[in-house]
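See below for the structure under consideration.
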Amino acid sequence: MNETSEWIDEIHKESRYGLKGKIIVKKNSSFQEIIILETNEHGKALMLDGCWMTSDKEEKYYHECLVHPALSSLKSFSNVLIIGGGDGGTARECLKYQKLETIDLVEIDKEVISLSKKYLTEIGKNSWNDKRLNINICDGFQWVNNAQDNYYDAIFIDSSDPTEFSKQLFGKNFYKECKRIMKKQGILATQSESPESFREIHLNIINSLKDIFRRTETMYSFVPFYPSGIWSWTFASDNEKNFLNGRNSEINSIEKTCDIWNLTYQSGALKMMPNKIHKVLSRRNKDES
Ligand code: SPD
């Protein structure tokens, strides 16, 4: 990197998570500050309001783990909803399934989409041109409130960390509405933050989903440059019988396209709940019984 390189850090609870590179975008949209950094080691990286969202090198750790446990467990599906996901990575993974008919991608900040299309081309790849992808610039909470009952087969919540405008996406009312608009056999997948650096939010997400759905499971893995590195994704459904059982017919070909996820990785990651989290969750279950 040349002399215009600088360190950009996410500062979280007295720790710094930094990448060194050249700033190619720094601007304020109507919602947030957007930075795109070009680095030698990590490719291009996106930061929103001081928090790392994604980078060319690390994004698959995140996007593959959000999408494939859910979609690979559905025998068939046609309509998928993505809340957030303005960098295109979640859509790209969903679009690998030939049988998928439509995706509604609902992103509040149109600048994130237009800058991702322009600069983060390795992440969205050709998804932006896929006719199955419908982009809607609006508030995800409102979209879900206005959507029809029993419509989506899968819902992906690819949010940033809770902020003033995104905090509704972490609340029970929102999850209840997601359940209403999802088919009975459907599955909800959400990024559920870090058990280490966002412990309280992480626990709240899991507990809220447990209160609303018959089955929930949390998968733990790594997103190397997110605060503390350890990250989680939680899956919820009322379909108890076939939950996360990898029965989609396209699964073998999907596994071949992935760098991180496969069914073996998934089954290990579903057993990785840190014991201190497990203890808190089971205490709550005991208190309630
Ligand atoms: N701390 C980062 C949490 C970000 C989760 N969303 C990332 C968006 C990638 N599509």
Share, in percent, of DSSP beta bridges within the chain that are antiparallel, nearest 5: 65 percent
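Kirkwood-based Rg over Rh for the chain (C-alpha set), two decimals? All intermediate terms of the calculation are to be shown ahead of the outcome.
Details: Rg = 18.1 Å, Rh = 19.2 Å.
That ratio equals 0.94.
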Give me the lysines in straight-line cross-link reach of Lys20: C-alpha distance below 16 Å, same-chain residues under 8 apart excluded. Lys44, Lys57
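Between Thr4 and Glu164, what is the FRET efficiency for a Förster distance of 45 Å, r being their Cβ-Cβ separation, to the nearest 0.05?
Values: r = 32 Å, r/R0 = 0.72.
Here the calculated transfer efficiency is 0.90.
List, in the order given, every pair from Lys176/Lys286; Lys183/Lys210; Lys60/Lys276; Lys22/Lys118 whose Cα-Cα distance in the structure shown is over 22 Å.
Values: Lys176/Lys286 24 Å; Lys183/Lys210 18 Å; Lys60/Lys276 27 Å; Lys22/Lys118 16 Å.
Result: Lys176/Lys286; Lys60/Lys276 exceed 22 Å.
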Quick check: the angle from helix 59-71's long axis to the longest principal axis of the chain, C-alpha only, nearest 10 degrees? 20 degrees
Calculate the FRET efficiency for Ile11 and Arg199 from the Cβ-Cβ distance with a Förster distance of 22 Å, rounded to the nearest 0.05. 0.80
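Name the shape class, rounded, prolate or oblate, that the alpha-carbon gyration tensor gives for the stretch 20-63, where a ≥ b ≥ c are the square roots of its eigenvalues, rounded holds for a/c under 1.5, and otherwise prolate holds if a/b is larger than b/c and oblate otherwise. Let's see the in-between values first.
Details: a/c = 2.96, a/b = 1.38, b/c = 2.15.
Since a/c reaches 1.5 but b/c is at least a/b, the shape of the stretch 20-63 is classed as oblate.
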Given axes a ≥ b ≥ c from the Cα gyration tensor, I'd like to know whether the stretch 176-289 is rounded (a/c under 1.5), prolate (a/b larger than b/c) or oblate. oblate
With the crude spin-label approximation of a point 7 Å out along Cα→Cβ, what separation in nm comes out for Lys184 versus Lys131? 3.3 nm
Check cross-link reach from Lys241 to the aspartates and glutamates: straight Cα distance under 18 Å, and skip same-chain residues fewer than eight apart. Asp153, Glu217
Spin-label point model (7 Å from Cα, Cβ direction): what's the Lys99 to Phe222 distance in nm? 3.4 nm
Peptides 265-277, 36-48, 87-99: what's the order by average Cβ count within 10 Å, highest mean first? 87-99, 36-48, 265-277
MRE, 222 nm, helices only [DSSP H, n ≥ 4, -39500 (n - 2.57), over the chain, to nearest 500]: -9000 deg cm²/dmol
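Computed over the Cα atoms, what is the radius of gyration of the stretch 45-181 divided by 2.2 N^0.38 Å, N being its residue count? Walk me through the intermediate numbers first.
On the way: Rg = 14.0 Å, N = 137, 2.2 N^0.38 = 14.3 Å.
The stretch 45-181 yields a ratio of 0.98.
None of the figures in this text is laboratory data; all of them are computed from the coordinates on show. No experiment lies behind these values; they were computed from the predicted model shown. FYI the Cβ positions are ideal-geometry reconstructions off the backbone, even for glycines, and counts take in every protein chain you see.
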